[in-house]
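Here the structure is laid out as structure tokens; the discussion comes afterwards.
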Amino acid sequence: MAIRREDVYKLIDRVPDEKLSDLVKLIKLLAIPEEEATVDEIRAIKEARNDYNNGESHSYSIDELRKEFLENE
């Protein structure tokens with residue numbers, strides 16, 4: 001079933017006022033047009049995959065992710 005804009009508007013209406021700024025930041029992130037990865041980005045992805053394949057990984061809490069990606073807006 002395809003999602004309709006009307007359904008999205010209904011969900012937005014349910015978001016508490018104190019979380020609207022977070023919602024706006026997320027929508028802005030989703031609205032950024034996709035671009036081809038740069039050589040440096042491809043290199044970083046390959047390094048991260050190698051680290052993961054070698055058992056090296058990092059875990060982040062949702063609060064850490066919010067702080068890094070949402071509070072810098």
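Derivation of every value follows stated rules applied to the coordinates shown; laboratory data play no part. It should be emphasised that the depicted structure is a prediction, and the values quoted were computed from it without experimental measurement. Every residue, glycine as well, gets a Cβ built from its backbone with ideal geometry; the counts of neighbours run over all protein chains shown.
Projecting the Cα atoms of GLY55, MET1, LEU65 onto the charge dipole of the chain (Cβ charges, centred on the Cα centre) puts MET1 farthest toward the positive pole. Taking 0.36 nm per residue of separation and subtracting the Cα-Cα distance, full extension of the segment from ARG14 to SER61 would add 14.5 nm. Our coupling estimate for segment 26-31, obtained by passing each phi through the Karplus curve with A = 6.51, B = -1.76, C = 1.60 and θ = phi - 60°, is 5, 5, 4, 4, 5, 7 Hz, Gly and Pro reported as x. For LYS25, the lysines whose Cα falls under 23 Å of its own Cα, not counting residues fewer than eight places away in the same chain, are LYS10, LYS67.
Per DSSP helix of 4 or more residues, -39500 (n - 2.57); summed, then divided by the residues of the chain. What does that give at 222 nm, rounded to the nearest 500?
-19500 deg cm²/dmol
The value given for the chain is a Kirkwood hydrodynamic radius of 15.7 Å, derived from the mean inverse Cα-Cα separation. Working note: Karplus 6.51/-1.76/1.60 with θ = phi - 60° gives segment 57-62 the couplings 8, 10, 10, 10, 7, 4 Hz, where Gly and Pro are set to x. Using the average count of surrounding beta-carbon atoms within 10 Å as a protection proxy, the listed peptides 26-32, 42-48 rank, highest first, as 42-48, 26-32. The phi-based Karplus calculation (6.51 cos²θ - 1.76 cosθ + 1.60; θ = phi - 60°) puts the 3J(HN,Hα) values of segment 2-14 at 6, 7, 9, 4, 4, 5, 5, 4, 5, 5, 4, 4, 8 Hz, whole numbers, x for Gly and Pro.
Only the Cβ atoms of Lys and Arg (+1) and of Asp and Glu (-1) were treated as charged; on that basis the dipole of the chain about its Cα centre amounts to roughly 340 debye.
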